[in-house]
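Take a look at the structure below.
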Amino acid sequence: AQSVTQLGSHVSVSEGALVLLRCNYSSSVPPYLFWYVQYPNQGLQLLLKYTTGATLVKGINGFEAEFKKSETSFHLTKPSAHMSDAAEYFCAVRGRGGGNKLTFGTGTQLKVEL
Amino acid sequence: DAGVIQSPRHEVTEMGQEVTLRCKPISGHNSLFWYRQTMMRGLELLIYFNNNVPIDDSGMPEDRFSAKMPNASFSTLKIQPSEPRDSAVYFCASIKSGGGNTGELFFGEGSRLTVL
């Protein structure tokens, strides 16, 4: 079964600083990987996804993530944080063997300070 | 385009009462998921349907929980009787299964349940 681990339940950065949210996956074969964002009192919104091909994936709002098979990682980054990036971020994994079930990590709350 | 629509957005009820949460998936989507989100346990998959048929209900906590999908455009999650530990945000999500599907789920805005 696939799983993801998000390191750090809370991350705080200054506005304009680099954002780095960590995600490691566990899977016997490279899975599909996703990052979702959740703003307060809202549902989850897809930021970006890795399915196949290029390992550096660009998403919305200036975020990107790199799939590294050797490290079983899919860390989310953004060069310069903005106050509006404050939210909870979830990494998720889906196996390639069929089925649409997504398994989510425990989430990372991002705080952006002035 | 309408997204996944959930109702009610907020529900406050007393222990022992029946609770019914509703979901309308995106038109054309044929897989539907129910997730529960709590501070302690994060996002948990409760059950999912393909073409209105329950495929995996292993996440349903106990017999007090039941879910149905009578047609492609409607699903319910019922809790009877409800307990305070059921307090959570319940999300519905949908996807169009089939060739080329890369697994992106579309989420509703959730139903926040408080059981007193």
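All other residues whose Cβ lies under 10 angstrom from that of B:L46 are scored, Lys and Arg at +1 and Asp and Glu at -1, for a net of -2. How high is the FRET efficiency between B:I5 and A:L46 when r is their beta carbon distance and R₀ equals 22 Å, given to the nearest 0.05? The pair B:I5/A:L46 has a calculated efficiency of 0.75. How high is the relative contact order of segment B:4-68, given as a whole-number percent (alpha carbon pairs under 8 Å, six or more residues apart)? Once divided by the residue count of segment B:4-68, the mean separation gives 21 percent.
For segment A:5-26 versus segment B:41-114, the inter-centroid distance based on Cα atoms is 28 Å.
Quotient of the Cα radius of gyration of segment B:48-116 and 2.2 N^0.38 Å, N being its number of residues: 1.23. Taking Cβ atoms as reference points and 15 Å as the exclusive limit, the residues near A:I60 contribute a net charge of 0, counting Lys and Arg as +1 and Asp and Glu as -1. Label zone of A:S84 (point 7 Å out along Cα→Cβ, amide N under 12 Å): in segment A:34-61 this covers A:61. Using the Cβ of B:Q17 as centre and a radius below 14 Å, the other residues enclosed give a net charge of -3, where K and R count +1 and D and E count -1. Taking label positions 7 Å along the Cα-Cβ direction at both A:A54 and B:S97, the computed distance is 3.2 nm, reported to one decimal. Beta bridges per DSSP, both residues in chain B: antiparallel share near 90 percent. Among the listed pairs A:K49/A:K111; A:K111/B:K68; A:K69/A:K101; A:K101/B:K68; A:K78/B:K78, those whose Cα-Cα separation exceeds 29 Å are A:K111/B:K68; A:K78/B:K78. For the pair A:E66 and B:D57, a Förster radius of 30 Å applied to the C-beta separation gives a FRET efficiency near 0.25, rounded to the nearest 0.05.
Every read-out reported here was derived from the displayed coordinates using simple, explicitly stated rules and does not represent laboratory data. Treat the numbers as computed from the prediction; the structure is a model and nothing was measured. Here the Cβ is made from the backbone with ideal geometry for all residues, glycine too, and neighbour counts use every protein chain on show.
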